[in-house]
Amino acid sequence: MSVTTPPGELAGEITHLLELTQEWQGLFPQAAEQARHWRHVLEEVRTHLAEEVVRVAVVGAVKSGKSTLVNALMGREVLKRGAGILTAMITRVRPGPEERALLRFKDPDLIAGEIQQALNFLPDARLENRPEPLDLSRPQDRELLAALLAGQEAASLWANGSLNQNYVLLSAYLAGFSQVQEAVARGQVELTGPEVQRHQELVTREELAIYLADALLTLPAPDLPPWLELGDCQGSDSPLPQHLTQVLAYLLKCDLAVYVISSRMGLRQADFQFLQELRRMGLGEHLLFVLNLDLADHKDAADCEALAARVRRELTPWVPTPRLCAFSALEVLLKRRREAGGLEPQEEALLALWQADPGKTGLSRRGWEEFQLLFRRSLEEVRARRQAGGALPQVLMVARGLAEQVEWARRLLNRDAGAYRELAARLQARRQPLAAVRVSLHQTLEGASRHLGAELKRRVDAFLSEQGSREASLISFVLHYEPDWERLLANPEEPLRLRLYRLFQEFQQELLKLAGGEFNLQVVEFVRRQEDWLRQELRRISEPLMVALEETLTLYYRETSALGLPGEPPTLRLELPPTPAGLEIPLLSLTLEPGWRWAGEVWLRSGVGVLERLWQRLKAKAGWGSLEPRRQEERDLRRALAAIRHWVREELRVQLVDFGERLKFRYFLPLVQDLARGVEESLDRQLTSLLTDLEGLTQALSHGEADREGRRRRLDSLAPRVRLVEARLTSLAAAMKRG
Ligand SMILES: Nc1nc2c(ncn2[C@@H]2O[C@H](COP(=O)(O)OP(=O)(O)OP(=O)(O)O)[C@@H](O)[C@H]2O)c(=O)[nH]1
Ligand SMILES: [Mg+2]
């Protein structure tokens, strides 16, 4: 992997410092230990900066121009854009040295599970009592699925097939199978060079995209920072629930979202709902809005401006000061492509048409320029925020430590070997209390981790059990769900069994929508609240020990000053590391296994059910005023619904328990451990960077008695340069704090 130098001032200062520590080591090879520590810290920070990615999700309603905007930013046709709902899978796009597409496919077990789950909603005798699940790699199973999907029962059950999630999923899996079979078996596919274009088909055709787990595209884009990732998302109002679930999961990892609004459509109800969701995920203050102007659609520049003003007004209740830029993404893209020399004649004609009105194109150009500035600034802010919290304090401590050592070495040069030894011994004694405080900090944090972990477990249990009492919760949904009875019973010819399947199918779809959306949003909000609390607690617990540590450090510095080595005791920073990138908030994905069939059907077929219906029929025959057939059916279905509710309630309970365990053991406990360890490591590093290795230094000095003058000259030249780097880092830290 090629290592790119991270941009920004911090990276430059790290390079400087690395050179200076090298120089220091050349002067005192016997005191190499300390220099090694500094270099280790600096190199680690540097690697970390180079690997760090700022993620930006490009979101908005379907067909608002999200893919076009990503293309405009990249300056080329990277993603497929056009009519019809296109983006079926999030494509992550990153600038990189070479063209490459990495497509990761779903695990075959996951695919089989999703197919099985959807099949549960298909009432067909051919599916009952099958010894093993349907496997698309078997031709006879594919034939069966094709026959099932085309069959009478499926047709009547899925009358509005285009919007039925199970139907869409099964047909997509079946249609795409032959084309991706090999790729799925391999797990992933890497495309390079001209082959890269092929990825477009995979991510835009639902039947292929359904097999994908991840799509990452790398392309040269010299005017974008190498640490940027743009996520081209599916439309937020896409009718397929799996699209929204994917977008939500991606947004959780993002630092910023660009919200695209089509000037043709403006803001609609679905936008406000999505904005609310973005806010609940904590992205409210990290949104940039693009009003994507369809230049042909607006009379003149004033018209465009009026629209922008209206959109801004409409956004204000949701986002207090919306950052909105208005321009045509397509125009930007075409202009950039023209510069690169590759426009089709009709595209030229389109540009010419737009450019006939310089008022509108001028407005669009200014909007794009404004957006670029704003975008850049927001990205830099994200990076600065992260660095201010982690990398910078560490680098600053190295600079301080080095400056101090250089200063002390200059003063020590005049003394003789006996004096060095005495000095080293006295300071060594002063370090003992520091070591003691470090030990008690370690113990305190260890104890706190256990206690905080236990408290978090309790809170997860409470959160999930509250679900039972909350309105809009999964459990109350299950307990109170009512279908649209009118619609369900509309066709008097429909057999009862089919109605039952339809009833359950609608129930399932609503439930999955609630689980994938509202429930998971509640989980995210809950997790974020706990994280804030956890960080606060760790701070509160460590604070007294930090004070003790600083007091001991002050005494240490007092001693060094008395020994003729002046220095200011530093302010230590309690660093809580960011949540590790590999730790993802678990989201619930509910599955309803075949058991339900029996729950409902059992009632219909049960002795009670059969007897009841027989009795009603007898009563009718005897003219005893039986229930009319429609009422009777409704009553049967209500009873079956009660049986299903009971079964789903139980199933949900089991899955929520399982989900709670994942939250506890795969998220919160590792997080507690990681944060506590992070606090300690960061303090250790700061202290090791700072506390002069006097023993090494005095040894080094006594070895080089002969070349005292040469050393003095080199130290005199080194000192101001180190101080300069330290000063620059200090002002960088101050600037970040202000920013
Ligand atoms: N006139 C005009 N057309 C545009 C503009 N931006 C995008 N389009 C067109 O609008 C259509 C949809 O654009 P896409 O970028 O595919 O939209 P999307 O939001 O990614 O769509 P989905 O991914 O399907 O939700 C394409 O045909 C674009 O060429 C624009 O600024 N002006
Ligand atoms: Mg798109």
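The values are calculated or read from the model by the stated rules, or taken from the named source; none is laboratory data. Just so it is clear, the structure is predicted and the values come from calculations on it, not from any experiment. Don't worry about glycine lacking a Cβ; one is built from the backbone with ideal geometry, like all the others, and counts go over all protein chains shown.
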Only one of 19, 23 is surrounded by fewer than 14 Cβ atoms within 10 Å (Cβ to Cβ), more than 28 Å from residue 95 (Cα to Cα) and at pLDDT 80 or above, namely 19
Take the conditions in the same structural domain as residue 547 (by TED's automatic domain parsing) and modelled with pLDDT under 90 and apply them to residue 435. Does it pass? yes
When restricted to 191, 240, 248, 217, the only residue touching a His at 6+ places or on another chain (Cβ under 9 Å), surrounded by 19 or more Cβ atoms within 10 Å (Cβ to Cβ) and within 25 Å of residue 110 (Cβ to Cβ) is 217
Restricting the stretch 62-83 to residues that are more than 23 Å from the chain's Cα centre (by Cα) and more than 10 Å from ligand 2 (Cβ to nearest atom), the one surrounded by the fewest Cβ atoms within 10 Å (Cβ to Cβ) turns out to be 83
Listed by first then second residue, the pairs whose first member lies in the stretch 223-246 and is assigned by TED's automatic domain parsing to the domain that holds residue 379 and assigned to a helix (DSSP H, G or I), whose partner is among the aliphatic types (A, V, I, L, M) and more than 16 Å from ligand 1 (Cβ to nearest atom), with beta carbons under 7 Å and at least 6 positions apart or on separate chains, are 241/512
Condition set surrounded by 14 or more Cβ atoms within 10 Å (Cβ to Cβ) and not aliphatic (A, V, I, L, M), scope the stretch 328-354, selection farthest from residue 734 (Cα to Cα): answer is 347
Check: Is one or more of the residues making up the stretch 297-310 within 16 Å of ligand 2 (Cβ to nearest atom) and closer than 27 Å to residue 55 by Cα?
Finding: no
Scanning the stretch 340-366 residue by residue, those among the acidic types (Asp, Glu) and in contact (Cβ under 8 Å) with a residue 40 or more places away in the chain turn out to be 357
Of the candidates 501, 557, the one satisfying the condition of being assigned by TED's automatic domain parsing to the domain that holds residue 585, in contact with an Asp or Glu (Cβ under 9 Å, 6 or more places away or on another chain), under 30 Å from residue 577 (Cα atoms) and in a helix (DSSP H, G or I) is 557
A careful count of residues in the stretch 84-100 that are within 13 Å of ligand 1 (Cβ to nearest atom) and crowded, with 20+ Cβ neighbours inside 10 Å gives 7
